[in-house]
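**Q** Supplied in structure tokens, the structure appears directly below.
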Amino acid sequence: MTSLHLFYLALVFVAASCGCYALASLLGGNPVRRRLRSDGDRDADRRRGGDWTEPALAFAKPLARLAQSSKRDDDSIRLQLVRAGLRHPAAPVLFYGLKAGLAIGFALVVLLLISLGGYRPSGFGLLLALLIAATLGFYAPNIALGWLKSRRERELFEAFPDAVDLMIVCVEAGLSLDVAISRAAADMRLRSEAMADELSLVSVELRIGATRERALRNFAHRTGIDEIAG
């Protein structure tokens, strides 16, 4: 058996193991506990997107463990996901699962192409090709996330002056600043969904008792735009 076949078998074994673990997680669980869940809980899960997130998480969790690193890196990824507009609680797990899945998938594709092409690379050459493919797959989600974050930050940056103008008009019309923020969030919906969502979060924080300073600081932290923070 050549080194090519050994690498192929090793990667297939890893992929099959992760797939079996994910399938067991998806089909397993306590059936009594699932039956005892109330209709209200199921409706709440459905509103949160639980219909698709539960099976997706079942497949992503075993892969995510392979890609997660330090707590600092995890916090950084969570912040980038928020700034990209991906606030779903399952987003970090799905992100890490995608990284590991693409790393294994890219390596398997390269190995398959080498096998079908009839190439006979040396052991070092084969290992280098697999490492490059796995690295590309591992960091591809980071590149996509950075692009999504940059695009959303640009949208917020361009929409921020219009939002400020709306709030100034509302305040000059006699509305309080809290009401002006809520009104601007509604009026900005057609101009920028991202800015409308961010202002809506500020309005929610104010309604539940957060101070204006705290709510606006959170707004600046979520967006990551220096002009808003200033």
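**Q** Kindly indicate whether K71 is more than 30 Å from S192 (Cβ to Cβ), of a type in the set (D, E, K, R), within 14 Å of the chain's Cα centre (by Cα) and surrounded by fewer than 20 Cβ atoms within 10 Å (Cβ to Cβ).
**A** Numbers: more than 30 Å from S192 (Cβ to Cβ): yes; of a type in the set (D, E, K, R): yes; within 14 Å of the chain's Cα centre (by Cα): no; surrounded by fewer than 20 Cβ atoms within 10 Å (Cβ to Cβ): yes.
So K71 fails the test.
**Q** Let me ask something else. Inspect all residues belonging to segment 142-156 and state whether any of them is without any contact (Cβ under 8 Å) to a residue 12 or more places away in the chain, out of contact with any strand residue (DSSP E or B) (no Cβ under 7 Å at 6 or more places or on another chain), over 30 Å from L190 (Cβ atoms) and β-branched (V, I, T).
**A** First, the residues of segment 142-156 that are without any contact (Cβ under 8 Å) to a residue 12 or more places away in the chain: 143-144, 147, 150-151, 154.
Adding the requirement that they be out of contact with any strand residue (DSSP E or B) (no Cβ under 7 Å at 6 or more places or on another chain) leaves 143-144, 147, 150-151, 154.
Then drop every residue that is not over 30 Å from L190 (Cβ atoms), which leaves 143.
Next cut, β-branched (V, I, T) only: 143.
Within segment 142-156, one or more residues are without any contact (Cβ under 8 Å) to a residue 12 or more places away in the chain, out of contact with any strand residue (DSSP E or B) (no Cβ under 7 Å at 6 or more places or on another chain), over 30 Å from L190 (Cβ atoms) and β-branched (V, I, T).
**Q** Which numbered condition in (1) among the small types (G, A, S); (2) surrounded by 15 or more Cβ atoms within 10 Å (Cβ to Cβ); (3) not in a helix (DSSP H, G or I) is the only one that G209 fails?
**A** Status for G209: all satisfied but (2).
**Q** List the number of the failed condition for L108; all other conditions in (1) within 30 Å of L127 (Cβ to Cβ); (2) out of contact with any helix residue (DSSP H, G or I) (no Cβ under 7 Å at 6 or more places or on another chain) hold.
**A** The failed condition is (2).
**Q** Which residue out of E158, E153 is buried (at least 17 other Cβ atoms within 10 Å of the Cβ) and among the acidic types (D, E)?
**A** Values: E158 fails: buried (at least 17 other Cβ atoms within 10 Å of the Cβ).
Of the residues listed, the single one that is buried (at least 17 other Cβ atoms within 10 Å of the Cβ) and among the acidic types (D, E) is E153.
**Q** A further question on this structure: Condition first: in a helix (DSSP H, G or I) and open to solvent by 40 Å² or more (accessible area, probe 1.4 Å). Now tell me which residues in segment 111-131 satisfy that. Let's see the steps before the verdict.
**A** Quick first cut of segment 111-131, residues in a helix (DSSP H, G or I) only: 111-117, 123-131.
Those that are in a helix (DSSP H, G or I) and open to solvent by 40 Å² or more (accessible area, probe 1.4 Å): L112, L113, S115, L116, G117, F124, L127, L128, L131.
**Q** Taking the stated definitions as given, is A60 modelled with pLDDT of 50 or more, over 30 Å from L199 (Cβ atoms), more than 17 Å from the chain's Cα centre (by Cα) and open to solvent by less than 70 Å² (accessible area, probe 1.4 Å)? Give the steps one after another, and end with the answer.
**A** Working: modelled with pLDDT of 50 or more: yes; over 30 Å from L199 (Cβ atoms): yes; more than 17 Å from the chain's Cα centre (by Cα): no; open to solvent by less than 70 Å² (accessible area, probe 1.4 Å): yes.
The answer is no for A60.
**Q** If you check every pair at least six apart or on different chains, which have Cβ atoms under 7 Å apart with a residue in segment 167-186 that is farther than 18 Å from E198 by Cβ first and a residue that is surrounded by fewer than 18 Cβ atoms within 10 Å (Cβ to Cβ) second?
**A** Sorted first by the residue in segment 167-186, then by its partner, the pairs are V171/L177.
**Q** For I104, indicate whether it is in contact (Cβ under 8 Å) with a residue 24 or more places away in the chain, β-branched (V, I, T) and farther than 30 Å from T53 by Cβ.
**A** Working: in contact (Cβ under 8 Å) with a residue 24 or more places away in the chain: yes; β-branched (V, I, T): yes; farther than 30 Å from T53 by Cβ: no.
No; evaluated as a whole, the condition is false for this residue.
**Q** Can you tell me which residue among A163, A194, A180, A103 is farther than 30 Å from I208 by Cβ and open to solvent by less than 30 Å² (accessible area, probe 1.4 Å)? It would help to see each step written out before you state the result.
**A** Values: A163 fails: farther than 30 Å from I208 by Cβ; A194 fails: farther than 30 Å from I208 by Cβ; A180 fails: farther than 30 Å from I208 by Cβ.
Matching residue, one of A163, A194, A180, A103: A103.
**Q** Further question on the same structure: Could you give me the residue pairs with C-beta distances under 9 Å whose first residue belongs to segment 74-88 and is under 15 Å from E198 (Cα atoms), whose second residue is of a type in the set (S, T, N, Q) and surrounded by 15 or more Cβ atoms within 10 Å (Cβ to Cβ) wherever it lies, and which are 6+ apart or on separate chains?
**A** R83/T223; L86/Q80; H88/T53
**Q** Among L216, L201, which is surrounded by 15 or more Cβ atoms within 10 Å (Cβ to Cβ) and at pLDDT below 90?
**A** Of the residues listed, the single one that is surrounded by 15 or more Cβ atoms within 10 Å (Cβ to Cβ) and at pLDDT below 90 is L216.
The values are calculated or read from the model by the stated rules, or taken from the named source; none is laboratory data. Here the structure is a predicted model, which means the values were calculated and not measured. Using ideal geometry, Cβ is built from the backbone for each residue, glycine included, and neighbour counts are taken over all protein chains shown. All accessible areas refer to the heavy atoms of the entire protein, side chains included, with ligands and DNA or RNA removed. Shrake-Rupley method; radii C 1.70, N 1.55, O 1.52, S 1.80 Å.
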